Structures are given as structure tokens and as C-alpha cells.
1. Using 0.36 nm times the number of residues separating residue 41 and residue 61, minus their current alpha carbon distance, what extension gain do you get?
2. Sorted by average packing, counted as other Cβ atoms within 10 angstrom per residue and highest first, what order do 19-27, 45-53 take?
3. Considering only DSSP beta bridges whose two residues both sit in the chain, what percent are antiparallel, to the nearest 5?
4. Using the Cα centre as the reference, give the magnitude of the dipole from point charges on the C-beta atoms of region 29-126 (Lys, Arg: +1; Asp, Glu: -1; all else neutral), rounded to the nearest 20 debye.
5. Under 15 Å from the Cβ of residue 9, count the other residues' Cβ atoms, weight Lys and Arg +1, Asp and Glu -1, and hand me the total.
6. Please list, or write none, the lysines whose alpha carbon is within less than 27 Å of the alpha carbon of residue 49, excluding same-chain residues fewer than 8 places away.
7. Within region 103-127, what residues put their amide N at less than 13 Å from the label point 7 Å along the Cα-to-Cβ vector of residue 140?
8. Please list, or write none, the lysines whose alpha carbon is within less than 23 Å of the alpha carbon of residue 222, excluding same-chain residues fewer than 8 places away.
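Bear in mind that the values in this text are calculations on the coordinates, not laboratory data. What you see is a predicted model, and the numbers here were worked out from it, not measured in a lab. Neighbour counts run over all protein chains shown; Cβ positions are idealised from the backbone, glycine included.
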Amino acid sequence: MTILDGKILSKAIIAELTEEVAALEGSKPCVTFIRVGEDPASVFYVQSKQRTAEAIGIQSRLLVFPETITQEALFAEIDALNADPAVHGILVQSPLPKHIDERTTFNRVSAAKDVDGFHSENLGRLVQEDPAAFVACTPAGIVEIVRRSHIETSGKHVVVVGRSLIVGKPAALLFMRKAAFADATVTVCHSRTKDLAAITRQADIIIAAIGRPNTITADMVKPGAVVIDVGINRVADPASKKRLPYRW
């Protein structure tokens, strides 16, 4: 069995990007993160993203708003960032409070600054296989793992378990493209799929992207298949009986 070590690949990518950013002339790229509320997961993710950006040499800003902020007030803040030429990328951390519509919020961010790839224009470009599209980072990272690990995908059966806008849907589109490390036959499964195990046993590559731990077990994977787990779940620590923050 071969383990695909995402941390090793991550270090290599960060080193490459650090060199690229250092070689840029003029002002450095600037990304602004927007967080609404104090959800522990959101705080963790944004801090992680900021650390990575700063390690690469990308300027990062953080705007934090109370959960009580109105949708109109949040949109005014996004509009100001859209108009600011010093800001090159905008990421709105989800989940948002229930009174703020996420889809409308994602579409409020300028498509040219939508580095999360959630804007309908960027998703449309992805469907059209336009290389200018911003692509959601986790699906793009999955493709990068496959590429750097030299995993053959052409004609292979890829099963994506999960249909979210953040991972499942864009991952399926990426592997369906007419491109290197794509050209796969893709099946998308989810919580309503009947006999999930029968489908995953047919897969050459399984991408687990569902918010439920232990959904994919050893008996659901055929010998020689590749499994890439990008699901993040909060689980109990058997030793301390405390809840761990997040587990990939």
C-alpha cells in the first residue's frame, strides 16, 4: 500500500509559490478574508489560510464581523473590496449565519477576485473547461495530488462521494475534462445513494468528500484503488474522550 502524503506535497507547492511571488515585480498579491461570527471551525480555517498566505509572501487582511451583521451591510463591505485595486483576492468563509444567503454572497464577490471559485461565472467557466476559471481550492488540490503522484486517470472510473459546491461538484467537473490527469468516467454519490459500497468497489479512484466520518471502509475499496480523503469531521479522541478539533 502506498500512502499519498499531502503534507509533503503541500510543502513542495508552498516552496514553489514562494519563489514565484518573490519574483513578481511591483506590489505583492493581496488577499482579504471575511469571517462572520466566531465559529471555532471558521476561526481555525481562516487562521490556517492566513499563515499559508503569509508564508508564501502574499499580503493578507482579515475582516471580522459579528453574526448580527445584516446582509446589506456585509454586501457593502464586499462591494468596497471589489472596488479596491489593492485587493486581488476575496474569500468569504462559510458557513454564514442563516439570515445571510450564501449563494448570493458568493456571487456578490467580483468574479475576477473570487479565488474560492464559488461565483457562478467561475463555475460556468469550469463547465466550459475555460483555463481562466478560478477553481475551488480543495478540488484543485486533489488534481494536484493526482498529477504530482503520477496517477493515471484517463479512462479510469472516479467515484466522488459528496456533492457540495466546495468539493464534490467541482471535483467531478475537473476529472471529466478533456485534459491531462482528467478524461475519467465520473460517478457522483451522496447521502441518498443506494448501495454505496457496490459503486465504490467499482472505482479506480475514490474521492471521499462527505461530512460523515467512516463513510468509506476498507471493504468498500477494491484492491489497487486510490483513495483520496478530503472529508473533515470532528471526532472524539478515544484516549481522552475529548473532542478533537478536526480530522481529515
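1. On the way: separation 20, 0.36 × 20 = 7.20 nm, distance 1.86 nm.
In short, 5.3 nm is gained.
2. Sorting 19-27, 45-53 by mean packing, highest first, produces 45-53, 19-27.
3. Details: 2 of 26 bridges.
Given both bridge residues lie in the chain, the antiparallel proportion sits at roughly 10 percent.
4. On the way: 9 positive and 13 negative charges, 54 e Å.
That gives a dipole near 260 debye.
5. My count for the surroundings of residue 9 gives 0.
6. 7, 11, 28, 98, 113, 169, 242
7. 112-119, 122-123, 126
8. 156, 194
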